[in-house]
Each structure stands twice: as C-alpha cells, then as structure tokens.
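Below is one structure, written out as structure tokens; comments come after it.
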Amino acid sequence: MLERRPSQPGDEAFLRGVYASTRAGEISLFGWHSSQAEIFLRMQFDAQDRHYRAAYPDARFDIVELDGVAIGRFYVARLPGMIHVIDISLLPPWQGQGHGTQLLRGLQQDAARDGGGISMQVEGSNPAQRLYERLGFRVTGDSGPYKMLEWRA
C-alpha cells in the first residue's frame, strides 16, 4: 500500500539519495570522481532543502512508502485556493508503476473538494511531463528551463 508520512531527521540520508537519483544523468556528464560528485550533491541538496523549507514553512515534507519501504519524497504546500507541489521524486526502480499517478490523483481529489487547483514547476526535460499531461495539467508559464503547470477541477 502506498502511504505518505512526515519526513524526520533520520530520513536525511534517504532524502539525499532521492535527490542524487534525480541528478544522476546530469552529474555523470561532468566526469567527476565519485567523491567530487558526492560533495557537490550534498551541497545542492542542502541548498534546495533550506530553500524549500524557507519558502514554504507550512508545507508537508513527506516520505513516500510502499508497503513500509521508502521509495520517494512528496513535498506539498497548501496555499489559499491552490495546492502547490513543491517536489515529487520517486527512486528509479519505482518510477513508471503508477505511484506518482496515485499521489497526484489524491491531490486532485483534495483540490476538487476544496474548489481549488494544483500548481507545480517542472524542468522542461523532465519525462514525467507525460504523466502530468495525462492527468490534465496544462502549461501556464515558462521561465527558462522550467515550465509552470496547473490543474483545475
């Protein structure tokens, strides 16, 4: 069963691993030694985490678990009239199996019940855009490498 639970300080190593998995392809192009990549990814993760928590102090920063096994992260901020997906990242072995769909459909039900919408920002090269399109998200803006997406009930 797919569940969400609040992240805790003991989850930091797992969350770093999830973050690293999202950057693996990009980092491999740099030709760095593994220790260089690890230092860079640690700094980037720390900066991203600080930014997310400062920008969205009331957000839920959840670990996604499948049958008790941590498989990803799902960060969501509930704003007036809008649910904002800060981040949705699943480890590669669990991608493409419907888990992201299940998480987002749950948010869509919440947004429809509350009469609001869902927003997110996504890299233009992110293959998950097909999922977002299939779920009815539409591009509402473009800022360089990122697209703003929105879903309305």
Would you confirm, using the coordinates I've provided, whether residue 97 is assigned to a loop (DSSP other than H, G, I, E, B), in contact with a strand residue (DSSP E or B) (Cβ under 9 Å, 6 or more places away or on another chain) and either at pLDDT 95 or above or not hydrophobic (A, V, I, L, M, F, W, C) (or both)? yes
Within the stretch 26-68, can you find the residues that are basic (Lys, Arg) and surrounded by fewer than 15 Cβ atoms within 10 Å (Cβ to Cβ)? 42, 50, 53
Pull up the stretch 1-37, narrow it to residues that are modelled with pLDDT under 85 and charged (D, E, K, R), then point me to the one that is nearest to the chain's Cα centre (by Cα). 23
Odd one out for residue 94 among (1) more than 24 Å from residue 53 (Cα to Cα); (2) touching a Phe, Trp or Tyr at 6+ places or on another chain (Cβ under 6 Å); (3) among the aromatic types (Phe, Trp, Tyr): (2)
So which strands (runs of 3 or more DSSP E) stay within the stretch 113-153 end to end and still have 1 or more residues that are surrounded by 12 or more Cβ atoms within 10 Å (Cβ to Cβ), without any contact (Cβ under 8 Å) to a residue 12 or more places away in the chain and not charged (D, E, K, R)? 138-143
Search the stretch 69-94 for residues being assigned to a loop (DSSP other than H, G, I, E, B) and in contact with a strand residue (DSSP E or B) (Cβ under 8 Å, 6 or more places away or on another chain), and hand back the single one that is surrounded by the fewest Cβ atoms within 10 Å (Cβ to Cβ). 81
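The values are calculated or read from the model by the stated rules, or taken from the named source; none is laboratory data. The structure displayed is predicted, hence computed values, not measured ones. For neighbour counting, all protein chains shown are included, and Cβ atoms are generated from backbone atoms with ideal geometry for every residue, glycine included.
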